[in-house]
Amino acid sequence: MQKIKLMSHLVAGYPSDTLALTAARALVAGGADILEIQLPFSDPSADGPAIQTACTEVLSRAYKTSDGLSFISRVHAEFPKIPIYLMSYGSLVYTPGVEHFCEKAANAGVSGMIIPDLPFDFDEGLTKSCVSNGMINIPVAAPSMSDERLSLLASSGFPYIYAALRTGITGSDTKIDEKTIDFLEKVARGGSKIYGGFGISNGVQSRALSSAVEAVVAGSVFVRIISQFKNEPNSLFDAVKQKALELTGQIE
């Protein structure tokens, strides 16, 4: 059975830095190849209820961007060979200054940025600042984009593109069908490697998607598990690891 490459998502500080680190360890133990770590945001427009609730809970503790970057530093120190992609929203990056933010992110161990509300062609200098700090910007493609705009993104020379498999918010179930594969082929037409996600929660979806992408992306499924077991650290580790093993095709 061939292992499926997985990018897994977790919210920094949720439900605590200690338990978020437990979750990160479980993800790596389960075979996650990339950790996508979200900085909590007050209005996460692309995220579904599970991630929105997690962000709200973390922010209620007066959790700051600096706290999230400190958490990322801890994860990077423990797993220096696992790429960490920082996911958040434009205002958190733009407010302190894009170059300044990217420098701090890179120093924390971030190797890539995913900022869904900064369009690839009006990104406030994000791509340039990523490059100057040894990182990559990973723009987001969505099925709602026109063919013309999708073609422009695909031909823009990004090493990686995050393909959201459907419109709307994360967390709801996603069907992988011919339309999905056709969309992914359009995104990949310019030679970028593709990360595909939105609503991936089981091994059946993961296997159906794996041949069309560089890595399968799963987020809300892990946040829901973390929420379910946030008062049981040992069970949290085991449940997150088992789901990662399922999504990477290592168990049925």
Need one value: the accessible area of CYS55 in square angstrom, 1.4 angstrom probe, rounded to the nearest 10.
0
Pairs of lysine in the chain with Cα under 20 Å and at least 8 positions apart or on different chains: total?
20
Once all protein chains are kept in place, ILE4 shows an accessible area at probe 1.4 Å, nearest 10 Å², of 10
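Ranked from the most accessible area to the least, with a 1.4 Å probe and all protein chains present, what is the order of THR56, THR248, THR65? Could you put the intermediate results ahead of the total?
Values: THR56 90, THR248 0, THR65 45 Å².
The ordering from most to least exposed comes out as THR56, THR65, THR248.
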Considering only DSSP beta bridges where both residues belong to the stretch 136-252, give the percentage that are antiparallel (nearest 5).
0
Using alpha carbon centers only, the stretch 36-106 is separated from the stretch 178-251 by a whole-angstrom value of 20
Got a sec? Charge dipole of the stretch 174-252, +1 on Cβ for Lys and Arg, -1 for Asp and Glu; which of LEU209, ASN231, SER192 is way out at the positive end?
SER192
Can you tell me which of PRO83, PRO143, PRO96 moves the most in a GNM of the chain? Springs connect C-alpha atoms under 10 Å apart.
PRO96
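Dipole of the stretch 69-144, Cα-centred, from +1 at each Lys and Arg C-beta and -1 at each Asp and Glu C-beta, to the nearest 20 debye?
Taking the Cα centre of the stretch 69-144 as origin, the dipole is about 280 debye.
Determine the relative contact order of the chain: mean sequence separation of Cα pairs under 8 Å and six or more apart, normalised by residue count, in whole percent.
Relative contact order for the chain comes out at 25 percent.
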Net length gained if the chain between GLU185 and SER73 were fully extended (0.36 nm per residue, minus Cα distance)
36.8 nm
Based on Cβ point charges of +1 for Lys and Arg and -1 for Asp and Glu, what charge dipole magnitude is obtained for the chain about its Cα centre, in debye rounded to the nearest 20?
460
For GLU36, other-chain or 5+-apart residues with amide H closer than 5 Å (H placed, Pro excluded) are SER8, HIS9, LEU10, TYR85
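The values are calculated or read from the model by the stated rules, or taken from the named source; none is laboratory data. This is a predicted model, so every value here is computed, not measured. Every residue, glycine as well, gets a Cβ built from its backbone with ideal geometry; the counts of neighbours run over all protein chains shown. SASA here: full protein model, heavy atoms, side chains in, ligands and nucleic acids out. Shrake-Rupley method; radii C 1.70, N 1.55, O 1.52, S 1.80 Å.
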